[in-house]
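Structure first, then comments.
Each value in this text was obtained by applying a stated rule to the coordinates, not by laboratory testing. Here the structure is a predicted model, which is why all the values come from computation and not from measurement. Don't worry about glycine lacking a Cβ; one is built from the backbone with ideal geometry, like all the others, and counts go over all protein chains shown.
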Amino acid sequence: GRICLGSGLIYMPAYLDAAAQTALAADIAQVVAEAPWLQPRMPHSGHPLSVKMTNCGALGWMSDRDGGYRYEAGHPDTGRPWPPVPPRVLNVWRALADYPHPPEACLINFYDCKARMGLHQDRDEQDFSAPVVSISLGESCVFRYGVRRADATNRIELRSGDVLVLGGASRLFFHGVDKILGGESGLLPGGGRINLTLRRVTRP
Ligand code: MD3
Ligand code: FE
């Protein structure tokens, strides 16, 4: 099913079946072996975010105390370029993004049972005309979004295999992850939740 939640936000519950989720989890494990998890930090304060992150694709999102939020072409510790986006991940973008160019960035977020992500906008990209495509794997979470920071927000539960497409006006919605829901997903060996966000960074 394809559920329109308004303003270009499309929710596709169970877009990936169990076999596709297993295959994607293996693809991501391979990326993480080449590009180990990073602890992102808030600009200026250096306060750590509760999620761990890594990337694949030409550009990867990162944040540290001195450099702030930005995209970089390689992993800060290994000095190597980010691994390529796995073909199975690119297929999801091709099928759903309705955008004639490939994504440049695939941010991989890892949430343990206590991690969360505060309400924010994604605006470190130069091109907001491209959608963001988000793929959820592992434990479920409570995802929250709203048009403006002060507005009433909507909550949906995102489960393993669900996909969101944030196009049109929803591209600049405020959003966050309130809570990881204790799980029986069993997809990820140590538990937890992984989210992939596919993005265009530069104008084509
Ligand atoms: C709504 N990640 O990495 S994905 C992020 O589950 C991020 O890890 C969350 O927010 C996560 O920036 C949410 C869903 C998502 C991604 C981008 C959006 C929702 C969005 C951009 C605009 C509006
Ligand atoms: Fe975001």
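So here's what we get for this one:
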| item | result |
| --- | --- |
| For a label point 7 Å along the Cα-to-beta-carbon line of residue 112, residues of the stretch 185-204 with backbone N under 14 Å | 190-193 |
| Cα-based Rg of the stretch 134-174 normalised by 2.2 N^0.38 Å, two decimals | 1.23 |
| P(r) weight above 20 Å for the chain, C-alpha pairs, percent | 54 percent |
| Most positive-pole-ward Cα, 7, 22, 128, against dipole of the stretch 3-199 from beta carbon charges | 7 |
| Dimensionless Rg over Rh [the stretch 22-119; C-alpha; Kirkwood] | 0.98 |
| From phi via Karplus (6.51, -1.76, 1.60), per-residue ³J(HN,Hα) for the stretch 132-139 in Hz, x at Gly/Pro | 9, 10, 10, 10, 9, 9, x, 4 |
| Backbone N within the stretch 58-81 under 20 Å of label point (7 Å from residue 37 Cα along the Cβ vector) | 60-65, 75-79 |
| Binned Cα-Cα distances of the stretch 38-86, short to long, each 10 Å bin given as a whole percent | 29, 53, 17, 1 |
| Longest segment of the chain lacking trypsin sites (Lys or Arg not before Pro) that sit in a DSSP loop with at most 12 other Cβ atoms within 10 Å | 3-113 |
| Per-residue HN-Hα couplings for the stretch 14-26 [Karplus 6.51, -1.76, 1.60; θ = phi - 60°; Hz; x = Gly/Pro] | 6, 4, 9, 7, 4, 5, 5, 5, 4, 5, 5, 4, 5 |
| In sequence order, calculated HN-Hα J values of the stretch 90-105 (Karplus, 6.51, -1.76, 1.60; Hz; x Gly/Pro) | 4, 4, 5, 4, 4, 6, 10, 6, 6, 9, x, 9, x, x, 9, 10 |
